Amino acid sequence: MMDLKKLLKPRTVAIVGASEKAGFGGDTTRNYLKFSKNLDRLYLVNPGRDTIFGQKAYHSLSEIEGDVDLVILCTPQKTILPLLEEAAAKNCGGAIVFASGYSEIGEEGKVLQEALVEKANKLGIAVMGPNCAGFANFIDGIFAFAFLVEERDRRGNIGMISQSGQIVLGGLDSPNMGFSHVISSGNSCNVKVEDYLDFLVEDEDTKVVAVYMEGITKPKKLVAAFEKAAVKKKPVIVLKTGRSAKSQELAASHTGSLSGADKVLRAVFERYGVIEANDLEDLMNLAASFSWLAEAPKGQKCVFMNVSGGEAGIMADLTDDYGIELAEMSQETKAYLQTLVPSYGSVNNPFDMTAGIGYNTPIMVQAMEAISKDENVDAIVIAYTITPEIWDDTISHMVEAVSIARKNKDLKPIFWIPFIEHTRHKESADILKASGTPLLATGKYGCSALKKILDFSTSMFEPMKPAIPDKIYRTSYSLSEFESLNYLQKYGISIPPQKIAATEEEAIEAAKELGYPLSVKIHSRDIQHKSDVGGVKLNIQNDEQLRTAFRTIIDNCMKNAPKARLDGVLLKPMLKPGTEMIIGVNNDKDFGPMIMVGMGGVFVELFKDVQLAPVPLNQNQAEKMIQKLASYPLLNGYRGGEVCNKAALADLLVKISEMAAECKDTVKELDINPVFITAEGVSIADALLVLYED
């Protein structure tokens, strides 16, 4: 594993290609001289200059006396490998490569980048880039960044990683963001996004991690970093692009088509409590909110305080849209609040506190303290627009009231959501930030962020050892239904009685043991979707119907699947009908087996009502998956229907997940459809298992 300390926390730094001209060399030098602290350990290197900005310039790295931890290479691509060799002689452990023309330009560039990776690994140098914008370490005062920014204090506790330098620049330009580190990883040579993520999760100066991610190259490292963050309860917010375009190998089962790469990544995020941002605004808003938040809410019940009835009505709709739980305040709290509002006011939630409270700082403090003491309340949300031009009495009194109230350490968390977007009034924002009160984005953005913060704050992480395969991209083959069911049985999964018959007479003998009514299906590894070729007959009641079914199935399959090998028929007793569900496993190339549950039978492709999770599952996780289904009310006795045995379904999910985890290098896909669930339990009607070749 590459040590990132010399890269991200260097003691000595050399800028190679330093200059006074515009461009990477000049702009990086300007930035470093303006924003960095360790200027006495900075070396400027340019073969054609003796001084740069009044500082001594060296003609080469070799001229520098002593070691250099980090080299910032502002030079063309053809110079990079020789410079790394020269840097290694100075015990260099980190390098930033701004040069482009690598993997981003196609096959020729990929060859050049492979050579760069090989050289850097051989020399033991951690490389940021190529084709990047560098980084800034605000804790140690190291500004190794190539794009010019305005001069102001940006120190904070957000660690930001982006494969795009422009997005890092956007973060640096945002007035609400304060950073521990910003990292532009570029093409991610021998140090990947996952490595930077692990560094920031471990970093004590980083409270929240924000990531703009384009690709995943180290899934095991990514999952390990997510798990560390979950254990530490450190928020990780990810904006992942290219989700819809990312394709997946076509699958033989329903499960494969319903568990594409985007859904897999979302399931991994959910397992480890990673917060997914919808866009760049959402990423910045969430990161700033977690950064400012003094204390996380212990529950999800909120009281919204507004200055007008119209705004209260709008907020009532928004909270419903985003699933934010409105607290039901106690009668005692309501009675007290009623004494604070004018006679025409009424106490509801959202609470129209009127100007009578909004214009009166001490009264608003009393109102927030009373609401906070209510055991039915977990957080308070002030909903009012702060504008840059108007610093009126309402805004000043409300902001001051929040600041005073927050000095009470027992006060529950407070959030602020404006209604209309304006450039934030800096004095107001600074007061709220100092008090630990996040100033969220407006309307929908604010409510979306609030819900994600509440969900993260109240979630409980349940560690489960991930089941990421050790091998990928192998050929596979399908088992017959008979073989698939027997495979499941080896792992303690209950299957229905079944018999194989190669002839009509064998079918009649099997029926004597199994009993009527029977299902009869073609027995063939080569036919996965048996109904499509006329290979299924149900509810066979006697020997005569069985003989007819046997002949019909064989004839249909010979006609409709002429290349398939036919090994007879599979006979099973008809199962008791119930609500039809589907359970599946799809082995993702990055994150391993993912288990799926949803509405099954003919509805699986129509409604696509499924939930996905990494394996293995425990009972609690399995039950939560089932409860999240839109069709869950059908299992709970909807409109007088049968109350199904949901615990049995969850138990089956757990057993299949354990099998999939154990067989992570064997099982490619599993499709169990339908699974009948009744009040008594669950029964498997059909199964298709796809295995990797040895």
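Remarks
- The range 336-375-the range 475-540 distance, computed between alpha-carbon centres (Å): 69 Å
- Using the Stokes-Einstein relation with a Kirkwood hydrodynamic radius computed over Cα pairs, the translational diffusion coefficient of the range 417-541 at 4 °C and a viscosity of 1.567 mPa s comes to 60 µm²/s.
- Sites matching chymotrypsin sites (Phe, Trp or Tyr not before Pro) across the range 318-397 that sit in DSSP coil, with at most 10 neighbouring C-beta atoms within 10 Å: 344
- Dipole-positive endmost among 582, 561, 604 within the range 559-629 (Cβ charges, Cα centre): 561
- Distances between placed amide hydrogens fall under 5 Å for residue 382 paired with 305, 415, 416, 417, all partners being 5 or more residues away or on another chain.
- Options 510, 103, 450, ranked by Cα towards positive dipole end of the chain, top entry (Cβ charges): 103
- Across the alpha-carbon atoms of the range 90-147, the computed radius of gyration and Dmax are 12.8, 39 angstrom.
- Stokes-Einstein diffusion for the range 502-577, with the hydrodynamic radius set to the Kirkwood value over Cα pairs and evaluated at 20 °C in a medium of 1.002 mPa s, equals 175 µm²/s.
- Of the solvent-accessible surface of the range 353-496, computed with a 1.4 Å probe over protein heavy atoms with every protein chain present, carbon and sulfur atoms account for 53 percent.
- Estimated 222 nm signal from helices in the chain, with DSSP H stretches of n ≥ 4 weighted -39500 (n - 2.57), rounded to 500: -11000 deg cm²/dmol
- The charge dipole of the chain, taken about the Cα centre with unit charges on the Cβ atoms of Lys, Arg (+1) and Asp, Glu (-1), comes to about 800 debye, rounded to the nearest 20.
- Rounded Å value of the spacing that divides the Cα centres of the range 108-163 and the range 648-675: 42 Å
- Spin-label proximity, residue 321 to the range 448-489 - amide N less than 11 Å from point 7 Å beyond Cα toward beta carbon: 448
- Hydrodynamic radius of the range 259-314 by the Kirkwood approach over all distinct alpha-carbon pairs: 14.6 Å.
- Share of alpha-carbon pairs per 10 Å distance bin for the range 481-622, given as whole %: 11, 33, 34, 18, 5, 0
- Over the range 630-694, the ratio between the Cα radius of gyration and 2.2 N^0.38 Å evaluates to 1.35.
- Near residue 441, the amide H atoms lying under 5 Å from its own belong to 446; only residues 5 or more places off or on other chains count, and H is placed 1.01 Å from N.
- Centroid-to-centroid separation of the range 285-304 and the range 569-641 [C-alpha atoms, Å]: 34 Å
- The fraction of accessible area contributed by carbon and sulfur in the range 37-188 is 48 percent, rounded to a whole number (1.4 Å probe; ligands and nucleic acids excluded).
- Counted as membrane-span-like here are DSSP H helices of the chain whose alpha-carbon atoms extend 30 Å or more along the helix's own axis and whose Kyte-Doolittle mean is 0.0 or above; there are none.
- Placed amide H near residue 594: partners under 5 Å, 5+ positions off or other chain: 586, 587, 588
- Radius, Kirkwood style, for the range 283-433 when every pair of distinct Cα atoms is counted (Å): 15.5 Å
- Pairwise Lys count, the range 420-528 - Cα closer than 18 Å, eight or more residues apart or different chains: 5
- Loop-resident sites, the range 83-158, for GluC sites (Glu not before Pro), counting at most 11 other Cβ within 10 Å (DSSP): 150, 151
- In Å, descending, principal axis extents of the Cα set of the range 317-358: 31, 22, 14
- Positive-end residue, the range 18-63 charge dipole about Cα centroid, Cβ charges, pick of 54, 31, 44: 31
- Label-reachable residues, the range 463-493, where backbone N falls under 18 Å from a point 7 Å from residue 228's Cα toward its Cβ: 463-466
- Rg/Rh ratio calculated on Cα atoms of the chain (Kirkwood radius): 1.08
- For the range 356-475: Kirkwood Rh in Å [reciprocal of mean 1/r, alpha carbons]: 16.4 Å
- 1.4 Å probe accessible area per residue over the range 417-564, in Å²: 51 Å²
The values are calculated or read from the model by the stated rules, or taken from the named source; none is laboratory data. Since this is a predicted model, take the numbers as computed values, not measurements. FYI the Cβ positions are ideal-geometry reconstructions off the backbone, even for glycines, and counts take in every protein chain you see. For the accessible areas, the whole protein counts, side chains as well, though only heavy atoms, and no ligand, DNA or RNA atoms are used. Shrake-Rupley method; radii C 1.70, N 1.55, O 1.52, S 1.80 Å.
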